[in-house]
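These notes are about the structure you will find just below.
Rule-based calculations on the coordinates, nothing more; no lab input. These numbers come from a predicted model, not from an experiment. We place every Cβ from the backbone using ideal geometry, glycine too, and count neighbours over all the protein chains shown.
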Amino acid sequence: MTSIRCKSAVTWSLLGLMLLGLMLLLFGPTPAVALDLGQIWLDLGTLAADVVLYEVTEDMYLKDAAGNVVTQPVADGRRTAVAQLSGWAKLGSPLCPAWVVMVAPTTKKCAVNAKGADNLSLATGRGTVSGEFSVVIQGDNLVDGEESVIMTGTFSGDADLSPAFAGRAPLGYITNGVATIDGSGRTSNFTGTFRLPVKLKTGSTRPDLLQLDAYYVNDLGVPVWVKANERALGVPTVRLEIKF
């Protein structure tokens, strides 16, 4: 399955680059072209990811070397934050095991809620990430979101947001990730990719009636519009893709 997925991704990436190059040659760079090709790539990334989470809220602090809260970045300072995330795990993945269908027969994917904390060097953009998660399915209200907890656990790993800190790309990564399921002690290794929403400089003076004001950047550097269901209260959210 891995080799098939990799070949498919490479094929799509080459096709996407060829089409993008042709369209840019004929029509010049336009956000619409980048959006279409970028969305194809990001959708493929979603299929490949085992879990996709969105940062719903975040409380962030800048600190000096002694751990005191400051209002501006300082030498040897750090950035610490606590975030609430929510999203989905693929059925059959470690956070949505096959036995879930015995509890909820109509399950196609599992909802995941997480609370994560990071501690990053302002100089390098590197540090650690850790937190806890719960896997939930539909409870006593079929209209609102899932809330009935069926599994909990913790996670930790190394975080690298140096591309974003250095202004190279709105991206970050998790390596050496370990997720532990409460009760069983079962662990699963994972990696992660953060995609931070950014605005594009298009030079257009037209009003942004469709709110095409926020984009992720895919692994090819192509902008992808932040869709309505990737926003919290209308605000674009950080996207985290996890692979076990």
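How large is ³J(HN,Hα) for each residue in the range 102-107, as worked out from phi by the Karplus curve 6.51 cos²θ - 1.76 cosθ + 1.60 (θ = phi - 60°), to whole Hz, x for Gly and Pro?
6, 8, 9, x, 8, 5
Treating only the Cα positions of the range 51-243 as identical point scatterers, give the base-10 log of I(q)/I(0) from the Debye formula at each q in 0.10, 0.14 Å⁻¹.
-0.48, -0.89
Under a Cβ-Cβ cut-off of 14 Å, what is the net charge of the residues other than P73 that fall near it, where Lys and Arg count +1 and Asp and Glu count -1?
Numbers: positive: K63, R78, R79; negative: D64, D76.
Once all neighbours under 14 Å are counted, the net charge is +1.
In what sequence, highest mean first, do 116-125, 85-94 appear when ranked by Cβ atoms within 10 angstrom?
Listed from highest to lowest mean packing, they are 85-94, 116-125.
Quick check on my link table: of K90/K199; K115/K243; K199/K243; K90/K243, which ones sit more than 22 Å apart, alpha carbon to alpha carbon?
K90/K199; K199/K243
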